[in-house]
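Chemist: Below: one structure in structure tokens.
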Amino acid sequence: MTSLAVAHPGSLIQSVDWVAIAPPLIAAVAALAVLVTDLFLPERHKRRLGHLAAAGLALALLALLPLTGGSPRATFCLRNVAGATDSAGCSYVADHFALVFQLLALGGALIAALLSMHTVEDQKLPRGEYWFLLLSSATGAALLPASRDLATMVIALEVASLPAFALVALRRDGRGAEAAFKFFVSSVTATAVMLLGIGFVYAASGSLHLGAVAQGLEHAPGQLKTLAEAGAVLTLVGFAFKVAAVPFHFWVPDTYTGAPLPVAGYLSVVGKAAGLSGLALATTVAFRPYAHTWGLVLAVLAAVTMTVGNVGALRQRFDTRYSAVRLLAWSSVGQAGYLLVPLAAAGYAPTGADPLGATAAYALIYGVVNLGAFGVVAAVGRRAGTSVDDFRGLFARNRWTALALAFFLLCLAGLPPGVIGLFGKVVVFRAAVDAGLGWLAVVMAVNVVVALYYYLLWTARLFAPADPASVADTAERRLPVSLTATLGLTASAAVVLSVAPQLVLQVAGGSLF
């Protein structure tokens, strides 16, 4: 008879650090609470589900506070024979890197939730399903930066992605289904390629934990070197898709146009943050022995992505329907190229600390101003339309909304008074120069100049003379409280960061691991 006893039964017992996992856990519990409450809440009270979702995200953000200021906290760790633990064998680590990207993911989701409250009511979207899907996707986006093994990273990536497909499809005008289908097919293809790459990496390294993968690849037999390098490149495909890097960007304009505006803003910030964190972890931790391979790949990817994004924005006609959303979509592709520059620099730097800090700082800046821009588009779309020409003379109709959008666009362009946008681009530019990637810095500088054209052209339309008849026809109506709060929050944050940029840029000066 076979004995089922184990030599060290204590090694099978996991001690869970509930404080460390609190941010994504609270978001997940809030999602379940919304789903259950929707079953019993009368129809006339279901708008309160949005308040419950926003409260859950706010509570998840507050759960980050106990994790700051101390040493990293790890849980779900492998144990050695003596019972000691090593964070290199842990599946979840709440370090500086994780906290920064969890702040971006949960904060971006909270702003998207505030932006969604009027959209859910105006477009008569199913309330319970919408808020459950948004919270579920935010849970995956918050889990990914703290994941430290490839299996958990894939699960987190899919938890962030699968609800997003349904969110895009909730728009019932025909465009939503088409946008969701394109999003789904391209995402499934990227995930399949990534899983193939993870299989190659596991075969070559013998482990899924990121630290152990790096050690396994460094000492892998020579005959497995080609397999390991191919696996490393293929693994990055899934994360490159979420970042919307070329050639995995083709879904972005149509998906953003077909999705509800808050969902498009959510994908442009939170979805991108999830992919960026996974890409940073996979490259700088797991695939560090192959830095010469992925460093060059990411450098070329960054150059092509920012160029294609800006050229696509230049080709966008301002008089077509949804042109404002499509312009922001192409802009987000170009911004993804800037975000990839410090990651590419990490492949050439002695350590990945400073380049990763530049990526995190720029991602935080981009998240605030891009969600603010989507908020203004949503506000204008309630009264006029979502083509760029619908913004002509906005200053005469609503000066504060026009000033807010002008400030957001100048931040994205990197021009004063959007000082925080300028500093963010300087930090990214310096990361490339310090790593010896002078050619990439030149490509970035050219693209920044090119992007000025369409940002300034849109800004000029805000202050152009307006037709008096159109001003009379679009008599100012009071914006919903949630939309006003979104614009006020993002505009205030952008102004504060421009006055005190050190609040974000200090992230670029220290180690994230």
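Chemist: Exactly one condition in (1) open to solvent by 10 Å² or more (accessible area, probe 1.4 Å); (2) among the aliphatic types (A, V, I, L, M); (3) assigned to a helix (DSSP H, G or I) is not met by residue 363; state its number.
Modeler: (1)
Chemist: Continuing with this model, one more query. Considering only region 287-322, state which residues are farther than 21 Å from residue 450 by Cα, of a type outside the set (A, V, I, L, M), open to solvent by 20 Å² or more (accessible area, probe 1.4 Å) and touching a residue at least 60 places away in the same chain (Cβ under 8 Å).
Modeler: Hits for region 287-322 are 288, 289, 293, 320, 321, 322.
Chemist: Whether any residue in region 233-248 is open to solvent by 10 Å² or more (accessible area, probe 1.4 Å), touching a residue at least 60 places away in the same chain (Cβ under 8 Å) and assigned to a loop (DSSP other than H, G, I, E, B) is what I want to check.
Modeler: Taking every residue of region 233-248 in turn, at least one turns out to be open to solvent by 10 Å² or more (accessible area, probe 1.4 Å), touching a residue at least 60 places away in the same chain (Cβ under 8 Å) and assigned to a loop (DSSP other than H, G, I, E, B).
Chemist: Where residues in region 249-296 are of a type in the set (Gly, Ala, Ser) and closer than 16 Å to residue 178 by Cα, which of them is farthest from the chain's Cα centre (by Cα)?
Modeler: For region 249-296, the residue satisfying everything is 258.
Chemist: Let me confirm something: among 422, 415, which residue is surrounded by fewer than 24 Cβ atoms within 10 Å (Cβ to Cβ), touching a Cys at 6+ places or on another chain (Cβ under 9 Å) and without any contact (Cβ under 8 Å) to a residue 60 or more places away in the chain?
Modeler: Within the list 422, 415, the selection yields 422.
Chemist: Answer with yes or no whether residue 388 is open to solvent by less than 10 Å² (accessible area, probe 1.4 Å), more than 22 Å from residue 498 (Cα to Cα) and over 20 Å from the mean Cα position of the chain (by Cα).
Modeler: So residue 388 passes the test.
Chemist: When you scan region 120-159, how many residues do you find that are touching a helix residue (DSSP H, G or I) at 6+ places or on another chain (Cβ under 9 Å), in a helix (DSSP H, G or I), in contact (Cβ under 8 Å) with a residue 24 or more places away in the chain and open to solvent by 10 Å² or more (accessible area, probe 1.4 Å)?
Modeler: Qualifying residue count for the region: 12.
Chemist: Scan region 249-266 residue by residue and report those that are in a helix (DSSP H, G or I), of a type outside the set (D, E, K, R) and open to solvent by 10 Å² or more (accessible area, probe 1.4 Å).
Modeler: 261
Chemist: Additional query: Within the set of pairs 6 or more residues apart or between chains, which connect a residue that is in contact (Cβ under 8 Å) with a residue 24 or more places away in the chain and assigned to a helix (DSSP H, G or I) inside region 181-200 to a residue that is of a type in the set (Phe, Trp, Tyr) and surrounded by fewer than 18 Cβ atoms within 10 Å (Cβ to Cβ) with Cβ atoms less than 9 Å apart?
Modeler: 182/250; 186/250
The values are calculated or read from the model by the stated rules, or taken from the named source; none is laboratory data. For clarity, every value in this text was computed on a predicted model and none was experimentally measured. Positions of Cβ are generated from backbone atoms using ideal geometry, with glycine treated the same way; all protein chains shown enter the neighbour counts. We work out accessible area using only protein heavy atoms, side chains counted, and drop any ligands, DNA or RNA first. Shrake-Rupley method; radii C 1.70, N 1.55, O 1.52, S 1.80 Å.
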